Every structure is written in structure tokens, then in C-alpha cells.
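Colleague: Okay, here's the structure, questions in a sec.
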Amino acid sequence: MKTNTRSLVLLRKKVTPFLFLLPFLSFYVVMQLFPLFQNLRVSFTEWDMMSPEKPFVGLANFKYLFFSDPFFWVSVKATLLYIVLNVPSKIVIGLALAVVLNQRLWGKAFHRTAIFLPFVINSAVVGLLFGWILDPQSGMLNYFLQKFGIPPQQWLVDPTWTMEIVVLVTIWWSIAFNTIVYLAGLQGIPEELYDAAKIDGCSPWQSFWHVTLPGLRDTTMFIVIMQVIGSFQAFGNIWLLTHGGPVNATRVLMIHLYRIGFYYFRMGQAAAIAVIIFIIVLVLTLIMLSMFRKSELKN
Amino acid sequence: METKYYLSGQRKWKIPDLKRLILWVLLTVIAISFLLPILWTISSSLTSNTALVQQKPRLIPEKPTIENYITVFTTNKTQTVGRPLLNSAIVSFSTVFLTLFISSFAAYPLARMDFKGSHFIFILILLGLMIPLQVSFISLYLLFNSLGLLNTYAVLILPGAISPFGVFLLRQFFRTIPKELEDVAMIDGCGRLKSLYLIILPLSVPALLCLGIFTFLGSWNSFLWPLIVLTKSNMMTIPVILSYYWGAFAGVAKWGTLLAVSVIASIPTILIFLVFQRYFVQGIATTGLKG
């Protein structure tokens, strides 16, 4: 009798944590871990959502993407261009804004609110809103350009500057993230370092160069990786602005995936693109983790 | 004259006043130009469609009108905006509620109980932090399709309610709550469950609020997933109906109505940002959370 209750208590102790964890774990496995493996399996099959069979085709989908798909490399190029334009400019602008916002200036609350506000706006709204501003016929931008004697431009129709525009819009929309992370990074630099720099006769500019920048190295590393990972997933802000056009100039990987998967219902190929994105993101994440571990060991 | 003196604040040098003034003007110009597209949208949404196309742009509309808003709430061309608004609200609030509920339940044993496998489960959850949900949208779509759950609230709510990040955040927060508080309660006969909602949760309001805010923003603004799984116009959420209107309203009638929907879509998130700005900034600063 006594041992019975004891083992019951022990059993309860063992089972209780899992009862708490059950709702999360079951949904987590079904909706995040399982689809990840399922995705890999789908990428080895050919399926159009109609036919009852899903034949196994090995690496054919990847082979198609690499060698026959007219748009895969176009979209890789577009994604890389998006990253090359987006990441460095957002690092520089984010840092500059953070340094200036960190000063004691009158009206700081207003400045911060205005600069952070676009971040909470829906990506679809962002795309649409700038579609209106850039509208060649009745948009604001062409109107003001005309006032300065510049002829109206065919924004978003002519592919030349489209990616640059997309990136400018993205900066406006999401610079809050970098700025806030940098602001936090700035607070983390010990005051004593600035004191020491001042005693050594550093000007504010020199101390920015020799104290602030080195102090923000880890923060910058974190931001770079986060931005690159995020850039591979960019969709909404580009979709409603350009739908991937004109002439596929802004057809980034996620847009290519969406088109292949949900316009043409070639699920195997779409899953193969997802696998490629996943591998890239995974590698980048591992690099980030090992970098963090290194800098942690150093400290 | 350049006067440098110590400030017991964030920066050590007081920049000379002229430079400060220039900096201030620059920053103010930047801040206003950040607001300009938003103000422009609000103003255009209050201008009639014909005036938008025919007249030159004005920041303050000549004849303000709410006809665009009336159109999107009463249009007979397609789905009105009322139902998507309701859908978005239902989905977002359910997602927030479920996320807080599921995450705090999962975080509690990981923070407070010693059990076999806790380490493994924690690693499994950390793994989830690194997986972007988007890469499994294809198979997730096929899963919900085979269950016949496309165009339902379930397909919109469930994937968003599983937040490895939420579990992680709450676990870290729960661990900072002194264990003694719970011990006392347990001597008084509190069970684990009671201790969670009588002691831990009331003390974790800041963390729960932070998670709730970001979950709401993420869910309200979620675009690609709803776009994939919704085909019936009566189930669409606000961002999806926006994309749908883009195609449905062509030509002259387009911009005014689209901008009115954009304003409606942005009001809840902007309000939340203005009210909870401190939590919002702290959330990003401490965790690198994305909205």
C-alpha cells in the first residue's frame, strides 16, 4: 500500500511536466518539425495537386531548377542584388540614426516615434502605399519632380531602377529594427571607455571610430546575419509593389517559389526552392552561432 | 567657442550648440519625411477618386470626403471590408490568446521542474528558433489541404500559435522569479497548476505583454500564409483582401479605395505601437525579435 502511493507520487512527478508540455510539443511536431521533413520529401516528387500519384523523381526538380528553369537564376540574382543593396545600406543608416537618436536632443520622443512607426505597418500596405506614391500618372513623386523641371519617370514600369526603389522602400519600412538594436548596443558600451578616450584627447569623431565602432562589432555581426536571413524570406513588401516585375527584375526567390507553387501548382519544384532557401538559412545561422561562441570565449 | 563638459547621460561630450542645432534640424527633417508617406496615404484616402486622378496632389485635401471608406464597406463589386476586418480580429486575438496559453504552459516545467528529457526538449525548442516558418509553407499547405482545412480559421490561427520563441522568452522570465514564493504556496497546498496561474503568471505580466504585442503584430500583418491558404473571399483577412482589391478595382476607382483599406489595415497596429512603444522597443532591443 505504502509503496503503491509512493510510486504513484513518483509517476505523477514524472508525468506532470509532460502534461504541461503536451499542447506545445504536439503542435510543434505536427506543424513545424514534421513539415520540414515532409518538405524535403515533396521536393523529390512531382505533383500538380491534381493527379492521384506523386511519383518519386529523385533530384529531377533540383536539376530542373539549376539547368532548365528560365527564372531560377534570375531570382537568385534578384535576391543577391536585394541583399547587396539592402543589408549594407541598412547597417549604415541604422547605425547613423541610432547614434543621432542617442544624443540628448529636444523632441527625442517624436523623432523616435516617427522613425520606428513604419515598422508596424503591414508589408502589403507598404507595397501598395508606395505603388501610389510612385504611380506614373497621378503619384506624388512625379508631381514634385515636374516642379523641379524633371520629366515624369515611368517608375516600376521601367526595370532599370526598380530594385533600388524596392530597397529604399524597405529601408523606410524596416530601419527601426537595426536602429533599435544599435541603440541597445550603444548602451552596452561601458562609459569608462569614453572617459579614457576623452583623457587621451580623442575628439568625438575619433572616439566614435575607436570606441563606438569596435564596441558594436557583435551587434553588427548579429544584424548582418539577421538581415541576410530575412532577405531570403522577403515577399510582401515586394509583391504588392511590383509583383516580381517588371521583366522579373524583382522576382526574388520567395516570389519565384510562390509563382511556381501557387500559380502553376508544381509542388515538387516549389518545395525544392524551399529546401534551397532552408539550407542557405541554416548555414548562415550556424555561422552566426559559431561566431557568437568565439566572441563569447574571447570575453 | 567649443565648450565640452561632462553629461551624466549616454554621451560624454556636449556637442557645440551650432552643431547640435544642425543635427536637430536634420533629424527633424528625417522624422517628418518618415511620416510623410503615412500622412500622404491618409490624405489621399480622404480624397475622392476622381480628384485623385485629375487634380494636382495636395497634402490637405481640397474637399475631404469619406466616400472611399463608404465604398469599401458597402461595395457590391466584391467582398466588403467588414468581414475581412472581423476575420483579422478573430484570427489575431485567438492567436495571441493561444500563444500565451500554450507557451506559458510549456515554459513552466522547463523553468521550474527537474525531469528527464528537459534538456533535450529545450534544445528542440531552440532549434525551432532557427527555422523560418516560410520554408515549410509548401508542405504545411499540403498538410492542411489534405485535412480539408483550407479557408478556415484553424489554418490561419494554428501555425502562428506555436511559438518556440514564446516558450524560450517565458522560460527565461519564469526563472527570474524567486523559487521561495512558490515553495510557500506549495506548503499551503497549492498544486503545480495553481502555482502557475496564481503566482508565476501574475508576476510575469511584462513578459506576457511583450509576447502578446509581438504575436498580435505578427498575426495581424501576416500576409504570405493567408494569401496561400485562402481562396474564399468571405474568409480573407485584411492584407489578403488588399491584394485581392488590387486586382478587382482597376483604373480610376483604384487608388482611393485601396488607400482607404490600407489606412483601416494599419490603425490597430499603429495604435498598439503608440500605446506600448516602450515594450516594443525593449522587445526588439533585448531579443532581436521581429514584428
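The values are calculated or read from the model by the stated rules, or taken from the named source; none is laboratory data. All values derive from a computational prediction rather than experimental measurement. Don't worry about glycine lacking a Cβ; one is built from the backbone with ideal geometry, like all the others, and counts go over all protein chains shown. Just so you know, the surface numbers come from the protein's heavy atoms only, side chains and all, with ligands and any DNA or RNA stripped out. Shrake-Rupley method; radii C 1.70, N 1.55, O 1.52, S 1.80 Å.
Colleague: Among all residue pairs at least 6 apart or on different chains, which show Cβ distances below 6 Å where the first residue, located in the stretch B:21-39, is within 9 Å of another protein chain (Cβ to nearest Cβ) and the second is of a type in the set (Gly, Ala, Ser) and open to solvent by less than 80 Å² (accessible area, probe 1.4 Å)?
Modeller: Listed pairs, sorted by first residue: B:Ala31/A:Ala114; B:Phe34/A:Ala114; B:Leu35/A:Ala114.
Colleague: Also: Look at A:Phe177 and say whether it is open to solvent by 30 Å² or more (accessible area, probe 1.4 Å), at the interface with chain B (Cβ under 9 Å from one of its Cβ atoms), aromatic (Phe, Trp, Tyr) and under 20 Å from the mean Cα position of the chain (by Cα).
Modeller: The answer is no for A:Phe177.
Colleague: Which numbered condition in (1) open to solvent by less than 40 Å² (accessible area, probe 1.4 Å); (2) assigned to a loop (DSSP other than H, G, I, E, B); (3) within 13 Å of A:Met31 (Cβ to Cβ) is the only one that B:Leu142 fails?
Modeller: (2)
Colleague: B:Thr231 - would you say it is free of Cβ contacts under 8 Å to residues at least 60 places away in the same chain and of a type in the set (Val, Ile, Thr)?
Modeller: No: the conditions fail for B:Thr231.
Colleague: Quick one: in the stretch A:60-84, of everything that is open to solvent by 50 Å² or more (accessible area, probe 1.4 Å) and touching a residue at least 24 places away in the same chain (Cβ under 8 Å), which residue is farthest from A:Gly215 (Cα to Cα)?
Modeller: Applying the filter and picking the extreme gives A:Tyr64.
Colleague: Could you tell me whether any residue of the stretch A:262-275 is facing chain B (nearest Cβ under 9 Å) and without any contact (Cβ under 8 Å) to a residue 12 or more places away in the chain?
Modeller: Yes.
Colleague: Also, I was wondering about something else. Name every residue in the stretch B:239-275 that is more than 9 Å from every other protein chain (Cβ to nearest Cβ), open to solvent by 60 Å² or more (accessible area, probe 1.4 Å) and hydrophobic (A, V, I, L, M, F, W, C), in order of residue number.
Modeller: B:Ala250, B:Val252, B:Ile267, B:Leu271, B:Val275, listed by residue number.
Colleague: Okay, moving on. Take residues that are farther than 24 Å from A:Leu25 by Cα and tell me which of the helices (runs of 4 or more DSSP H) falling wholly in the stretch B:159-206 contain 1 or more. Explain how you work it out, then say what you get.
Modeller: Numbers: elements: B:164-175, B:179-187, B:192-195.
Ranges flagged: B:179-187.
Colleague: Hey, any hits in the stretch B:115-127 for a residue that's at pLDDT 95 or above and either over 23 Å from the mean Cα position of the chain (by Cα) or assigned to a helix (DSSP H, G or I) (or both)?
Modeller: no
Colleague: Another question, if that's okay. If you go through the stretch B:52-88 one residue at a time, how many are within 10 Å of chain A (Cβ to nearest Cβ), hydrophobic (A, V, I, L, M, F, W, C) and either within 27 Å of the chain's Cα centre (by Cα) or surrounded by fewer than 18 Cβ atoms within 10 Å (Cβ to Cβ) (or both)?
Modeller: Of the residues in that region, 2 qualify.
Colleague: Just to be sure before I move on: is A:Leu145 touching a Leu at 6+ places or on another chain (Cβ under 7 Å) and open to solvent by 10 Å² or more (accessible area, probe 1.4 Å) in the structure I sent?
Modeller: Spelling it out, it is not the case that A:Leu145 is touching a Leu at 6+ places or on another chain (Cβ under 7 Å) and open to solvent by 10 Å² or more (accessible area, probe 1.4 Å).
Colleague: Additional query: Among the candidates A:Phe67, A:Phe110, A:Phe34, A:Phe116, single out the residue that is modelled with pLDDT of 90 or more and touching a Phe, Trp or Tyr at 6+ places or on another chain (Cβ under 8 Å).
Modeller: Only one candidate passes the filter, namely A:Phe116.
Colleague: Can you pull out the residues in the stretch A:245-261 that are touching a residue at least 60 places away in the same chain (Cβ under 8 Å) and open to solvent by less than 10 Å² (accessible area, probe 1.4 Å)?
Modeller: Once the filter is applied, which keeps residues that are touching a residue at least 60 places away in the same chain (Cβ under 8 Å) and open to solvent by less than 10 Å² (accessible area, probe 1.4 Å), the stretch A:245-261 yields A:Thr250, A:Val252, A:Leu253, A:Ile255, A:His256.
Colleague: On the basis of being under 17 Å from the mean Cα position of the chain (by Cα) and either surrounded by 23 or more Cβ atoms within 10 Å (Cβ to Cβ) or more than 9 Å from chain B (Cβ to nearest Cβ) (or both), does A:Val283 make the cut? Explain how you work it out, then say what you get.
Modeller: Numbers: under 17 Å from the mean Cα position of the chain (by Cα): yes; either surrounded by 23 or more Cβ atoms within 10 Å (Cβ to Cβ) or more than 9 Å from chain B (Cβ to nearest Cβ) (or both): yes.
Yes.
Colleague: Which condition number does A:Ser138 fail, the rest of (1) polar (S, T, N, Q); (2) assigned to a helix (DSSP H, G or I); (3) more than 28 Å from A:His256 (Cβ to Cβ) being met?
Modeller: The failed condition is (2).
Colleague: Suppose the filter is of a type outside the set (A, V, I, L, M), over 26 Å from the mean Cα position of the chain (by Cα) and open to solvent by 70 Å² or more (accessible area, probe 1.4 Å); does A:Ser51 pass it?
Modeller: Answer is no for this residue.
Colleague: Could you say whether any residue in the stretch A:258-268 is of a type in the set (Lys, Arg) and more than 25 Å from the chain's Cα centre (by Cα)?
Modeller: Checking the stretch A:258-268: at least one residue is of a type in the set (Lys, Arg) and more than 25 Å from the chain's Cα centre (by Cα).
Colleague: In the stretch B:208-223, which residue that is surrounded by 22 or more Cβ atoms within 10 Å (Cβ to Cβ) and of a type in the set (A, V, I, L, M, F, W, C) is nearest to A:Phe262 (Cα to Cα)? Let's see the steps before the verdict.
Modeller: First, pick out the residues of the stretch B:208-223 that are surrounded by 22 or more Cβ atoms within 10 Å (Cβ to Cβ): B:210-211, B:213-215, B:217, B:219-223.
So of that shortlist, the ones also of a type in the set (A, V, I, L, M, F, W, C) come out as B:210-211, B:213-214, B:217, B:220, B:223.
Numbers: B:Cys210: 35, B:Leu211: 32, B:Ile213: 31, B:Phe214: 29, B:Leu217: 26, B:Trp220: 22, B:Phe223: 14 Å.
Only one residue fits best here, namely B:Phe223.
Colleague: Still on this structure, please answer the following. I'd like to check which helices (runs of 4 or more DSSP H) are fully inside the stretch A:1-91 and have at least 3 residues that are farther than 19 Å from B:Asn145 by Cβ. Walk me through it before giving the result.
Modeller: Working: elements: A:2-28, A:34-43, A:60-63.
Hits in the stretch A:1-91: A:2-28, A:60-63.
Colleague: Return the residues of the stretch A:238-273 that are aliphatic (A, V, I, L, M) and assigned to a loop (DSSP other than H, G, I, E, B); say none if nothing qualifies. Show your work before the answer.
Modeller: So in the stretch A:238-273, the residues aliphatic (A, V, I, L, M) come out as A:238, A:240-241, A:247, A:249, A:252-255, A:257, A:260, A:267, A:270-273.
Within the stretch A:238-273, A:Val247, A:Ala249, A:Val252 meet the criteria.
Colleague: Follow-up. Checking A:Pro151 against (1) under 26 Å from B:Ala51 (Cβ atoms); (2) touching a Pro at 6+ places or on another chain (Cβ under 6 Å): exactly one of these is not met. Which one?
Modeller: (2)
Colleague: Read through the list (1) free of Cβ contacts under 8 Å to residues at least 40 places away in the same chain; (2) under 30 Å from the mean Cα position of the chain (by Cα), then give the number of the only condition that A:Ser43 fails.
Modeller: (1)
Colleague: Then there's this: Checking the condition more than 12 Å from B:Tyr108 (Cα to Cα), in contact (Cβ under 8 Å) with a residue 40 or more places away in the chain and within 13 Å of chain A (Cβ to nearest Cβ), which residue from B:Ala161, B:Ala154 passes?
Modeller: It is B:Ala161.
Colleague: Does A:Thr162 qualify as being open to solvent by less than 30 Å² (accessible area, probe 1.4 Å), within 14 Å of chain B (Cβ to nearest Cβ) and more than 20 Å from B:Leu59 (Cβ to Cβ)?
Modeller: no
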